[in-house]
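S.K.: Sharing a structure, written as structure tokens. Questions coming.
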Amino acid sequence: MSSQETAPPEQPVLREMRWWDIDPVLALERELFPDDAWSRGMFWSELAHARGPEATHRYVAAYTGDRLVGYAGLATAGGTGDVQTIAVARDQWGSGLGSRLLTDLLEHATAFDCTEVMLEVRVDNTRAQALYARFGFEPIGFRRGYYQPGNVDALVMRLSDPSANPAAPATPATDDPDSVPAQGTEHHG
């Protein structure tokens, strides 16, 4: 490699979120969502449903080396998945990490036999809305004042068939560097 060339940036590694990820997740959560960050107890509660034969949740963490750069979560019940959260560190916006995290959640929604996936996204988060639309999510309504304490409305979106994901990369999710990122789909309800 010549002195003019630089090595490509290291792609974050996605893996199942575990209890030891909670502290770095909380740090990123508070940085990105200072007004409505989840608590430690909320993450513990979600992870309690993410392991074992009766698991109904999927939480994934993204790391570059030892640094957490993103995370996402999905809850399922009765054939419906609900994207609980997707967060991407600001310096990773535009890298495709949001797409990789969402692809992971949708693959797991299919494995959980979900026939639809729902989510709430802040009405002012157009970046995330564009990502979800690219994945086939369609707006179906609003939840007024959903995000507190800021009293920000949520746009409710639905994907009717997660197994027919039109935006899923043809290559494995780890090779999706050019897709649109998401930041800040937070379900704090």
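S.K.: Exactly one of (1) assigned to a loop (DSSP other than H, G, I, E, B); (2) surrounded by fewer than 22 Cβ atoms within 10 Å (Cβ to Cβ) is unmet by Y63. Its number?
M.R.: Result: Y63 fails condition (1) only.
S.K.: Ok, one more. So R158 ticks every box in (1) part of a loop (DSSP other than H, G, I, E, B); (2) surrounded by fewer than 20 Cβ atoms within 10 Å (Cβ to Cβ); (3) modelled with pLDDT of 95 or more; (4) not aromatic (F, W, Y) but one. Which box is left unticked?
M.R.: (1)
S.K.: Is the stretch 167-186 home to any residue that is modelled with pLDDT under 90, assigned to a strand (DSSP E or B) and within 16 Å of the chain's Cα centre (by Cα)?
M.R.: To start, the set of residues in the stretch 167-186 that are modelled with pLDDT under 90 comprises 167-186.
From what's left, assigned to a strand (DSSP E or B): 185-186.
Within this subset, residues satisfying the condition of being within 16 Å of the chain's Cα centre (by Cα) are 185-186.
Yes, that holds for at least one residue.
S.K.: So, one more: If I go through the stretch 32-44 residue by residue, how many of them are open to solvent by 100 Å² or more (accessible area, probe 1.4 Å) and closer than 17 Å to P149 by Cα?
M.R.: Step one: list which residues in the stretch 32-44 are open to solvent by 100 Å² or more (accessible area, probe 1.4 Å), which gives 35, 40, 44.
Imposing the further condition that a residue be closer than 17 Å to P149 by Cα reduces the set to 35.
Going through the stretch 32-44 one residue at a time, the tally reaches 1.
S.K.: Hey, another quick one. Can you pull out every residue in the stretch 1-28 that is modelled with pLDDT under 95 and open to solvent by less than 60 Å² (accessible area, probe 1.4 Å)? Please lay out each step first, then the result.
M.R.: The first filter runs over the stretch 1-28 and keeps only residues modelled with pLDDT under 95, leaving 1-11.
Within the stretch 1-28, S2 is the sole residue that qualifies.
S.K.: Of all residues in the stretch 136-153 being open to solvent by less than 20 Å² (accessible area, probe 1.4 Å) and modelled with pLDDT under 95, which is farthest from P53 (Cα to Cα)?
M.R.: Top of the filtered list is G145.
S.K.: Considering every residue within the stretch 96-103, establish whether at least one is touching a helix residue (DSSP H, G or I) at 6+ places or on another chain (Cβ under 8 Å), touching a residue at least 12 places away in the same chain (Cβ under 8 Å) and of a type in the set (A, V, I, L, M).
M.R.: So the first thing to find is which residues in the stretch 96-103 are touching a helix residue (DSSP H, G or I) at 6+ places or on another chain (Cβ under 8 Å), and the list is 98-100, 102-103.
Right, trim to touching a residue at least 12 places away in the same chain (Cβ under 8 Å) and you get 98-100, 102-103.
Next cut, of a type in the set (A, V, I, L, M) only: 102.
The answer is yes; a qualifying residue exists.
S.K.: For residues that are touching a residue at least 12 places away in the same chain (Cβ under 8 Å), touching a strand residue (DSSP E or B) at 6+ places or on another chain (Cβ under 6 Å) and polar (S, T, N, Q), scanning just the stretch 117-166, find the one that is farthest from T80 (Cα to Cα).
M.R.: Looking at residues that are touching a residue at least 12 places away in the same chain (Cβ under 8 Å), touching a strand residue (DSSP E or B) at 6+ places or on another chain (Cβ under 6 Å) and polar (S, T, N, Q), I get Q129.
S.K.: Taking the conditions exactly as written (of a type outside the set (S, T, N, Q), open to solvent by 30 Å² or more (accessible area, probe 1.4 Å) and either part of a loop (DSSP other than H, G, I, E, B) or without any contact (Cβ under 8 Å) to a residue 60 or more places away in the chain (or both)), does G52 satisfy them or not?
M.R.: Details: of a type outside the set (S, T, N, Q): yes; open to solvent by 30 Å² or more (accessible area, probe 1.4 Å): yes; either part of a loop (DSSP other than H, G, I, E, B) or without any contact (Cβ under 8 Å) to a residue 60 or more places away in the chain (or both): yes.
So G52 fits the description; yes.
The values are calculated or read from the model by the stated rules, or taken from the named source; none is laboratory data. The structure displayed is predicted, hence computed values, not measured ones. Cβ: placed from backbone, ideal geometry, glycine included. Neighbour counts: every protein chain shown. The accessibility values were calculated without ligands, DNA or RNA, using every heavy atom of the protein model including side chains. Shrake-Rupley method; radii C 1.70, N 1.55, O 1.52, S 1.80 Å.
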